[in-house]
Every structure is written in C-alpha cells, then in structure tokens.
Amino acid sequence: MDRQELQKVKLAIHDLINREQYGEALPIINEVLEKYPDDDATLNFMGYIHLMGDQPAFAYQYFRRALQESPSNKALWTSLGRAYHELDMFEDAIKCFLKSAELDPNYALAYSNSAASFVQMSEWKNAEDVCNLALDADPNDHNAQLNLAHAYLAQGEWDKGWKQWGKSLGNKFRKEWHYKDESRWEGQHNKNIIIYGEQGLGDEIFYASCIPDAIDVSNKVYIDCDPKLERLFQRSFPKAEVHGTRRDENINWIDNIQIDHRCAIGGLPEFFRHDSKDFPRHPYLIADEERRIM
C-alpha cells in the first residue's frame, strides 16, 4: 500500500464510519496501522470508533497518540477533549476544547463541546458564554442550542431556555413524530392536538405537569405516551384521550380522528412555564388507590 493508495483507503474508512459501519472499518484500520502506525488520521479513526463504543479510555490513548504526530490539528484536540469528557475529567476536557478554539477561533465545535463540560460541572454562566461563541461561529450548531437551553433553564431564564430547547426537537435526542398531515402546535387555542412522549419515562412524567394547561386551551387533547404510563395518565388526565402506543410502529387509533397539531411533550413548557410562579404547587398525577393500599 503506497501513499496514494493510503489516501483512497482512508476515504473508504471515513465513509464506513459516517455510515456507522464500525465493524467493517476496524479490520481496514488495523491493516493500515500495521503499515503506517504513525498515521494521525487512522489513529483518529480508531479512537473515534472506541469513543462511539463507550470505551473512552482506549479512545483517549489513540487520540493522544495521534496528537503526537499532529499537534496543531484542532479536530484531534476536540476528540481528545471528548474522551476526557466521557471519563468525567471535565476540566481537562475544557482545556482541550479551548486549545482547539485557540488554533481556530471560528471552530464552533470546540465551543459547543466545552459547553457540555461546563454543564456537567454546573458552571452555567460559562456554559452560556461558550454556547454563544459557538452560535456566533455556526448559528445552526444543535449541540450549542441544546446546551444553551440547559444553561438558561438552570439560571431560571425560562423564556429564553424553552425557546432554545425547542430548537433541539428533531435531533437524535428528541425524535419528532408525525401522525397525519398536522403541523407543529404553536400554542393555538381551541384545536385538536396530539401530545406525544419523548426521551425517557422520567421526562414524560416531568413534562406531564403541563398537560392540564394544554387541555384548558384546547378543543381535544390526545396523548400518545409510553405504555407503562398509559393507566397513570388516564387516571390523571381524564379529559384527554390517552394511548400507550408511543413505541408502536403502526398506530390505528389515529385513523378516525381529526388532528390539527402535534406537540412533543417536552415542547409544552414553552407555552405554559414563563415564570417560576407558573410551575404547579400541587400534585398533578393520581396514583392507583388499590396499589397504594397494597
């Protein structure tokens, strides 16, 4: 394998990694490293695969070795920072991310990654500042938007926080469902809306505090929740029609109903939680009485 062939092989590895075909990429990477053990890009590929495989300690070693060959590579510094972050070494992670930003002040990824570490350290103002730097460099940086939402919300800046949180809908953490030809709900009154669950059970339970508010301003509310929450939500929100079909591929109950809008359950606070006083001061879920007695 000469240098010209090496470039073609690395492009093929990059393509496999982009398609998340890590098992197919690994033997090719090993073959390259046997011939070119100091190739920084191939070492980076190996580190990335270990990082995605939840093996940050191995990823750290490969990224650090790659940096020995290419110490001015901003992407490698960011990769090493991500390994530190996954190892819960947040201060070291931030140093790496800021080194990337030093090499390229317009590198949005360096700032948005450092924001994630600041969030883990509960340093909310620092997280807010670097998120804004990331968004100055790339207004469409979804990670920066998500971390900025966390920073605002942690500081009680509800309006700005929920607005940023809404921008994260549709990414890998917040899947957006489509049922018919309905549009996203923007808070319109007297409409038929479907509220669908997202993320984990705790998220659905947490955001469910807003369901009574949505019921009060809507003509009809349908809830598509996790099956484990179906009976709890039926007891707690009797004015809504509740179905535990959130994880089903095919949903039949929507066939004969009219839906004007859809809303992710995590999107409800944007319309109903603008001030700390807007949060409920009373229970909003009703437990099963027989199970309580048991």
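The values are calculated or read from the model by the stated rules, or taken from the named source; none is laboratory data. Remember, predicted model here, so these are calculated numbers, not experimental data. Cβ: placed from backbone, ideal geometry, glycine included. Neighbour counts: every protein chain shown.
So, Ile265, is that one β-branched (Val, Ile, Thr) and farther than 26 Å from Phe173 by Cα or not?
Values: β-branched (Val, Ile, Thr): yes; farther than 26 Å from Phe173 by Cα: no.
Taking the combined requirement at face value, the residue does not satisfy it.
Checked against (1) crowded, with 24+ Cβ neighbours inside 10 Å; (2) over 23 Å from Gly53 (Cα atoms), Ser122 meets all criteria but (1).
Search region 231-240 for residues being charged (D, E, K, R) and farther than 22 Å from Asp278 by Cβ, and hand back the single one that is surrounded by the most Cβ atoms within 10 Å (Cβ to Cβ). Can you show your working first?
To start, the set of residues in region 231-240 that are charged (D, E, K, R) comprises 231, 235, 239.
Subsequent filtering for residues that are farther than 22 Å from Asp278 by Cβ retains 231, 235.
Numbers: Arg231: 12, Arg235: 14.
Checked region 231-240; the qualifying residue surrounded by the most Cβ atoms within 10 Å (Cβ to Cβ) is Arg235.
Part of a helix (DSSP H, G or I), out of contact with any helix residue (DSSP H, G or I) (no Cβ under 6 Å at 6 or more places or on another chain) and touching a residue at least 12 places away in the same chain (Cβ under 8 Å) - does that describe any residue in region 110-129? Yes, region 110-129 has at least one match. Screening Gln155 on (1) of a type outside the set (Gly, Ala, Ser); (2) under 22 Å from His274 (Cα atoms); (3) within 15 Å of the chain's Cα centre (by Cα) shows it passes everything except condition (3).
The residues of region 276-294 that are closer than 11 Å to Ser209 by Cβ and basic (Lys, Arg) amount to a single one, Arg281.
For residues that are assigned to a loop (DSSP other than H, G, I, E, B) and exposed (fewer than 12 other Cβ atoms within 10 Å of the Cβ), scanning just region 254-279, find the one that is farthest from the chain's Cα centre (by Cα). Working first, answer last.
Of the residues in region 254-279, the ones assigned to a loop (DSSP other than H, G, I, E, B) are 254-260, 268, 273-275, 279.
Subset that is exposed (fewer than 12 other Cβ atoms within 10 Å of the Cβ): 255-256, 258, 275.
Working: Asp255: 31, Asn256: 33, Gln258: 31, Asp275: 25 Å.
It comes out as Asn256.
Mind listing whichever residues of region 192-230 are crowded, with 17+ Cβ neighbours inside 10 Å, assigned to a loop (DSSP other than H, G, I, E, B), small (Gly, Ala, Ser) and within 25 Å of the chain's Cα centre (by Cα)? Correct list: Gly197 only. When region 100-109 is filtered for residues that are more than 21 Å from Ala151 (Cα to Cα), in contact (Cβ under 8 Å) with a residue 24 or more places away in the chain and part of a helix (DSSP H, G or I), the ones remaining, listed by number, are Ser100, Leu103.
Name the residues in region 231-253 that are in a loop (DSSP other than H, G, I, E, B) and more than 27 Å from Gly161 (Cβ to Cβ), would you? Walk me through how you get there before you give the answer.
Filtering region 231-253 down to residues in a loop (DSSP other than H, G, I, E, B) leaves 237-240, 244-253.
Listed by number, the residues that qualify are Pro238, Lys239, Gly244, Thr245, Arg247, Asp248, Glu249, Asn250, Ile251, Asn252, Trp253.
Could you check region 66-102 and list, in sequence order, the residues that are of a type in the set (D, E, K, R) and under 13 Å from Tyr48 (Cβ atoms)?
To start, the set of residues in region 66-102 that are of a type in the set (D, E, K, R) comprises 69, 74, 82, 86, 88, 91-92, 95, 99, 102.
The answer is Arg82, Glu86.
With the structure loaded, tell me whether Glu102 is under 25 Å from Phe45 (Cβ atoms), modelled with pLDDT of 95 or more and surrounded by fewer than 19 Cβ atoms within 10 Å (Cβ to Cβ) or whether it fails that test. Yes.
Within region 249-275, the residues that satisfy the criterion of being under 15 Å from Val221 (Cα atoms) and without any contact (Cβ under 8 Å) to a residue 40 or more places away in the chain are Trp253, Asn256.
Just one of Lys167, Lys175, Lys180 is of a type in the set (Lys, Arg), in contact (Cβ under 8 Å) with a residue 12 or more places away in the chain and surrounded by 13 or more Cβ atoms within 10 Å (Cβ to Cβ); which is it?
Details: Lys175 fails: surrounded by 13 or more Cβ atoms within 10 Å (Cβ to Cβ); Lys180 fails: surrounded by 13 or more Cβ atoms within 10 Å (Cβ to Cβ).
None of the other options fit; the residue is Lys167.
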